[in-house]
Amino acid sequence: MAKRSTRYVPPVVPTNIKLTLWGADATMYRVHETIYAADQFNSSPKGNARFSPIHDPSGSVIPTLYAATTPRGALMESVFRDVPYRAGFKNVAPTRLEGKLCSTLVFE
């Protein structure tokens, strides 16, 4: 049986990654719980998003903040992320929006 390594080895980052630089006055949108400020990262272990919660090698939660370049994108990555895609009208419960805010983040 292989012995589990306790030494953290960071992942290899591909050299062909395309970086997008966000300059002054760039805007992003965020749909989040009302308990968080617009620019506050979620450090709770109770996250319910695709990458939240995530943990570092020691098991500590890595705080996350989801944002998108459009309000529609922010809604699709939060409130409507699990609505199945198919053609036609979608009916979702209004309660999905309870306790949520849509915030605008402007980079300085």
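Rule-based calculations on the coordinates, nothing more; no lab input. Computed from a prediction, not measured in an experiment: that's the story for all the values here. Don't worry about glycine lacking a Cβ; one is built from the backbone with ideal geometry, like all the others, and counts go over all protein chains shown.
Using a simple charge model, +1 on the beta-carbon of Lys and Arg, -1 on the beta-carbon of Asp and Glu, nothing else, what dipole does the chain show about its Cα centre, in debye to the nearest 20?
Roughly 580 debye for the chain.
Mean-square fluctuation check for the chain, GNM, Cα pairs under 10 Å: which of Lys18, Lys90, Lys46 is largest?
Looking only at Lys18, Lys90, Lys46, the biggest GNM fluctuation is shown by Lys18.
Less than 11 Å Cβ to Cβ from Val83, Lys/Arg counted +1 and Asp/Glu -1: what total charge do the surrounding residues give?
+3
Viscosity 1.306 mPa s, temperature 10 °C: what is the translational diffusion coefficient of segment 66-108 from Stokes-Einstein with a Kirkwood Rh over Cα pairs, rounded to a whole number of µm²/s?
Stokes-Einstein gives a translational diffusion coefficient of 133 µm²/s.
Going toward the positive end of the dipole of the chain, with +1 on Lys and Arg Cβ and -1 on Asp and Glu Cβ, which of Pro63, Pro10, Met76 do you reach last?
The one lying farthest along the dipole's positive direction is Pro10.
Give me the extension gain from Arg96 to Gln40: residue separation times 0.36 nm, minus the current Cα-Cα distance, reported in nm with one decimal. Write out the running numbers ahead of the final one.
On the way: separation 56, 0.36 × 56 = 20.16 nm, distance 2.09 nm.
Length difference between fully extended and current span is 18.1 nm.
How far apart, in nm, are the 7 Å Cα→Cβ label points at Ala87 and Asn16?
3.5
Pairs of Cα atoms under 8 Å, at least six residues apart: use those to get the relative contact order of the chain, whole percent. If you can, show how the numbers build up before the last one.
Working: 117 pairs, mean separation 43.5, N = 108.
Relative contact order comes out at 40 percent.
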